[in-house]
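First up is the structure itself, then whatever we jot down about it.
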Amino acid sequence: MIYILFSGIFALAPPTGVKAYDTPNDRGDAITVEWLLSPDDNMIEGYEIYRSEKGKEYELVGFIGAGRTTYEDQTETGTEYTYKVAALYDSERSYSEPSPVARSEPQWFDKESVNLLIGVIVFCLIILYFIDQARRGKRLQIRKISGLDAVDEAVGRATEMGRPILYSMGIGLVDYIATIASFNILGEIAKKTGQYETPLIVPTSNPVVYTVAREIVKESYSTIGRPDLFDTDKVYFVTDSQFAYAAAVDGVMLREKPAANFFIGYFKAESLIMAETGASTGAIQIAGTDQITQLPFFVTACDFTLIGEELYAASAYISKEPLLLGAIKGEDLGKIVILSVLVVASLVGLLTKFPVLNIFR
């Protein structure tokens, strides 16, 4: 209700019941302000929110339209504030009474994420169960991956022909997920080549990746009791330039004529250049990357390609390590559980849309 005073000035009814409180389930950087609508809400333009830090003047911090009664203000943790809300009509404002003092504090637990917590706990329990089964000696079977089954064939062929194996991790940095997965695969392949005394060539495109790859190959040879096989000249840094690295790897393939090429890691446009060069030498080629745009090139030019999460499961698959296989088995079952929950929830949501089939209300 807008009243006209004797002076001719409009008198707006202000919002009432203003209160402010720490926003729940956050990290302590917000305060929620609530109020009751002004009786003139259907006439006003909206509400302005004013904030005052202790001992300071009120300042405008926000504006929302009419009909709304809540505003979330971004604040500093631990600082005390009071708030006023003003109804705005044209250039006239009608201020509410100040709110009680409010202060934001970080929350220890986000109650809105309870379902996520339950899912994580269930997922972890499933993985721990299969790891325990693996420790007890139970044989775990996982889906056959043809590209990884061909690793023994590739190493055997290189040994029979007396030619080396080339392993490229692409141009990824050491913290890339694909590079980390490639490190695990490199360690297992190094063990297999060491057992047959087959030379392993590992050109890298990053100094840090080179350092890690060198230590992995060295440790792999030591693990199988053949540290004398490690050749520092076989694991080396080339360049961090994308196409210069591709040209260098192509040169190695043309000169050394490796019997098997592994392209596993992070690749970009150089993938097809390297894979085509390797194919022209007649080598068995096994590739894997998490870059979707490069997978078609690897599928076309290589004999076997690891697609999707096959890249991440490869180290467990090659080594047959019980603990790693247990983790993979647990992850697969966890995905089945999640997919089942999604299917059931989708069906329930679908059925509630049809009154004839609605048996859930």
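Of note:
- Evaluated against (1) hydroxyl-bearing (Ser, Thr, Tyr); (2) surrounded by fewer than 19 Cβ atoms within 10 Å (Cβ to Cβ); (3) over 32 Å from the mean Cα position of the chain (by Cα), THR277 falls short on exactly one condition, (2).
- Subset of region 1-45 that is modelled with pLDDT under 80 and either charged (D, E, K, R) or outside any loop (DSSP other than H, G, I, E, B) (or both) - its residue that is farthest from ASP110 (Cα to Cα): ILE4
- Residues within region 235-255 that are part of a strand (DSSP E or B) and of a type in the set (A, V, I, L, M), tallied: 1
- Only one of the listed residues (THR352, THR300) is loosely packed, with under 14 Cβ neighbours inside 10 Å, assigned by TED's automatic domain parsing to the domain that holds GLY162 and of a type in the set (S, T, N, Q). That residue is THR300.
- Which numbered condition LEU229 misses (of (1) crowded, with 18+ Cβ neighbours inside 10 Å; (2) without any contact (Cβ under 8 Å) to a residue 40 or more places away in the chain; (3) under 19 Å from GLY265 (Cα atoms)): (3)
- Here ASP332 passes the criteria (1) in the same structural domain as PHE183 (by TED's automatic domain parsing); (2) touching a residue at least 24 places away in the same chain (Cβ under 8 Å); (3) surrounded by fewer than 21 Cβ atoms within 10 Å (Cβ to Cβ); (4) not in a loop (DSSP other than H, G, I, E, B) except the one numbered (1).
- Checklist (1) closer than 12 Å to PRO15 by Cβ; (2) in contact (Cβ under 8 Å) with a residue 40 or more places away in the chain; (3) not in a strand (DSSP E or B) applied to GLY67, failing item: (2)
- Only one of ARG143, ARG139, ARG93 that is outside any loop (DSSP other than H, G, I, E, B) and among the charged types (D, E, K, R): ARG93
- Condition check for ALA190: under 31 Å from the mean Cα position of the chain (by Cα), closer than 18 Å to ALA158 by Cα and either of a type in the set (A, V, I, L, M) or outside the structural domain of ILE165 (by TED's automatic domain parsing) (or both): yes
- In this entry, ALA313 passes the filter for residues that are in the same structural domain as PRO164 (by TED's automatic domain parsing), modelled with pLDDT under 85 and surrounded by 16 or more Cβ atoms within 10 Å (Cβ to Cβ).
- Enumeration of residues in region 177-234 that are of a type in the set (Phe, Trp, Tyr) and in a helix (DSSP H, G or I): PHE183, TYR210, TYR221
- The single residue among ASP40, ASP22, ASP29 that is within 40 Å of the chain's Cα centre (by Cα) and crowded, with 16+ Cβ neighbours inside 10 Å turns out to be ASP22.
Results for (1) free of Cβ contacts under 8 Å to residues at least 24 places away in the same chain; (2) within 21 Å of PHE183 (Cβ to Cβ), shown as yes or no for each residue.
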residue: LEU295; (1), (2): yes, yes
residue: ASP303; (1), (2): no, no
residue: LEU311; (1), (2): no, yes
residue: ILE336; (1), (2): yes, no
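- Odd one out for ILE165 among (1) buried (at least 21 other Cβ atoms within 10 Å of the Cβ); (2) under 30 Å from the mean Cα position of the chain (by Cα); (3) modelled with pLDDT of 90 or more: (2)
- Inside region 276-300, residues that are at pLDDT 90 or above and of a type in the set (D, E, K, R) make up a count of 1.
- Close pairs (6 angstrom Cβ cut-off, 6 or more residues apart or separate chains): surrounded by 11 or more Cβ atoms within 10 Å (Cβ to Cβ) in region 99-111, part of a loop (DSSP other than H, G, I, E, B) and of a type outside the set (Val, Ile, Thr) anywhere: SER104/GLY28; GLU105/GLY28; PRO106/ARG27; PRO106/GLY28; GLN107/ASN25; ASP110/ASN25
- Test: TYR245 is of a type in the set (Ser, Thr, Tyr), in the same structural domain as CYS302 (by TED's automatic domain parsing) and over 27 Å from the mean Cα position of the chain (by Cα): yes
Table: residues versus (1) more than 25 Å from the chain's Cα centre (by Cα); (2) within 30 Å of THR75 (Cβ to Cβ); (3) at pLDDT 90 or above.
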site	(1), (2), (3)
GLN107	no, yes, no
ASN115	no, yes, no
LYS144	yes, no, no
VAL151	yes, no, no
GLY170	no, no, yes
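- Matching residues in region 146-174 - criterion: being part of a loop (DSSP other than H, G, I, E, B) and either polar (S, T, N, Q) or in contact with a Leu (Cβ under 8 Å, 6 or more places away or on another chain) (or both): PRO164
- Selection of region 80-90 for residues being at pLDDT 90 or above and either in a loop (DSSP other than H, G, I, E, B) or not hydroxyl-bearing (Ser, Thr, Tyr) (or both) yields GLU80, LYS84, VAL85, ALA86, ALA87, LEU88.
The values are calculated or read from the model by the stated rules, or taken from the named source; none is laboratory data. In this text the structure is predicted, and so the values were computed from the model without any measurement. In this analysis, Cβ positions are derived from the backbone assuming ideal geometry, glycine residues included, and neighbour counts consider all displayed protein chains.
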